[in-house]
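Scroll down for the structure; my scribbles are underneath it.
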Amino acid sequence: MFDTRNFDAKRLLDQFLTPQAGGTPPATTDQPQPWQSAGAPLAGGGDLMAKAKDFLGGQGGSMASGAAAGALVSLLMGNKSVRKVGGNVVALGGLALVGTLAYKAYQNYSQGNAPAQATAPVQPAQLPPPDSPFNPAQAAQSQLPVTLLRTMIAASLADGHIDDAERAAISLKLNERPGASLDEAERFLAQELASPASVETIAREVASPEEAAEVYIAALLAIDPDVSAERAFLARLALALKLDPALTPHLEAAARAAKQG
């Protein structure tokens, strides 16, 4: 288990959930990514993931310190649904986004309401109260950001878009870079890529029902459960987290609303 003091887990979570805030330029800009050669056109979807694979697999010895983290994020997420999170939602930052969505869903569930069919995007002013366990200031002091990252990585790999051989080859290449050492964020991502956490491992890191709700939200934001492997992952995760079956529809509705925002 990585200590959050070893690297900025909150900032890395921003890269996963809100690319603009996390330092990765939006796909609509003309700024080339680290794995793109000068003058190369910006690619989308599978092409972007292929370029990230090529960058990590073929040019590992020439990467500057820290460059691998951004490439690994794109590799892991590919064209996953998290890239569809839009509107004003990205202004919150990753940890605040997860906490706010889970807070609203948990409120609705606790009040006995039907799952919300929200259409308005979440706003920064709607952050959970300072004393709420969902407030990002509280979560940032715990291991939760790392657990959310591990959850999103495991969820994003559930459909097998990166197979075992590819994961092993990339991790090996990262750890064999001559004359360069991995920073903590890169080392964390390489380890999780090589051996993603099981839902049972993730559940053991969760300290409260509120954290369980946030973990499930993070998984929902990482994937579109449109294949059986992803649906099975979510079902196993909900079971391991001991989520009330009545709560999960509220969390799913909150994630859908964020993607539509």
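Surface analysis of segment 206-259 yields an accessible area of 38 Å² per residue, using protein heavy atoms and a 1.4 Å probe. Using a 1.4 Å probe over the heavy atoms of the protein chains, calculate the carbon and sulfur portion of the accessible area of segment 196-261 as a whole percent. Whole-percent figure for carbon plus sulfur exposure: 55. Charge tally for Q138 (other residues, Cβ to Cβ under 15 Å; Lys, Arg +1; Asp, Glu -1): -3.
The values are calculated or read from the model by the stated rules, or taken from the named source; none is laboratory data. Just so you know, these numbers come straight off a predicted model, no measurement behind them. In this analysis, Cβ positions are derived from the backbone assuming ideal geometry, glycine residues included, and neighbour counts consider all displayed protein chains. Note: accessible area is taken over every heavy atom of the protein model, side chains too, but ligands, DNA and RNA are not part of it. Shrake-Rupley method; radii C 1.70, N 1.55, O 1.52, S 1.80 Å.
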